[in-house]
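Undergrad: Can you keep this structure in mind? I'll have questions shortly.
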Amino acid sequence: MKLTVHLLWLCPLAFGIGIAMTFQTAINSALREHLESALHAALISFSVGTLTLLLLVLFFTKSFPQWQTLSLLPWYLWFGGCLGVYAISMSIYTAPKLGFLTFSGLVLFGQISMSILLDHFAWFGNERVPISWQRVCGAVAIFVGVLLTLQR
């Protein structure tokens, strides 16, 4: 991968996702304590997120996709929201029990492990990047880091 100004601009944005996800998990976990339900906390989180997205779409896009376009989407593209429900609900439930550092490490390890497979098999139209020993060693290093966070 060639280092470009565009790539340098994307790195802090991606780093910010990690910060936002950690805050989101902490906030949603606190919400769960108040509501005494991970599912209710996730519902509120998704409701606020849906309203936010609606406002962004209304202010920053010119039109909605046509129904015909939506009807032609492959079936599996509709499951992103379901995966989001799983991710948010389970983060609300598990993060306070594991601790935020261990939780984040496990999420990162899961993301890296799945990313290796997504890249290798070029699923969803991305560029194929074969599995290599360097990539596997990187994933193992993350896992070892997670094991170290379990020691309190």
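Undergrad: For the range 100-114, give me each residue that is more than 23 Å from Val129 (Cβ to Cβ) and either free of Cβ contacts under 8 Å to residues at least 24 places away in the same chain or loosely packed, with under 14 Cβ neighbours inside 10 Å (or both).
TA: none
Undergrad: Among (1) hydrophobic (A, V, I, L, M, F, W, C); (2) assigned to a helix (DSSP H, G or I); (3) within 24 Å of Phe15 (Cα to Cα), where does Phe79 come up short?
TA: The failed condition is (3).
Undergrad: Which residue out of Phe64, Phe15 is aromatic (Phe, Trp, Tyr), without any contact (Cβ under 8 Å) to a residue 12 or more places away in the chain and under 24 Å from Leu147 (Cα atoms)?
TA: Phe15
Undergrad: Provide a single number: the residues in the range 106-152 that are over 18 Å from the mean Cα position of the chain (by Cα), outside any helix (DSSP H, G or I) and within 28 Å of Phe79 (Cα to Cα).
TA: Residues flagged as over 18 Å from the mean Cα position of the chain (by Cα), outside any helix (DSSP H, G or I) and within 28 Å of Phe79 (Cα to Cα) within the range 106-152 amount to 6.
Every number in this text was worked out from the coordinates using simple rules, so none of it is lab data. This is a predicted model, so every value here is computed, not measured. FYI the Cβ positions are ideal-geometry reconstructions off the backbone, even for glycines, and counts take in every protein chain you see.
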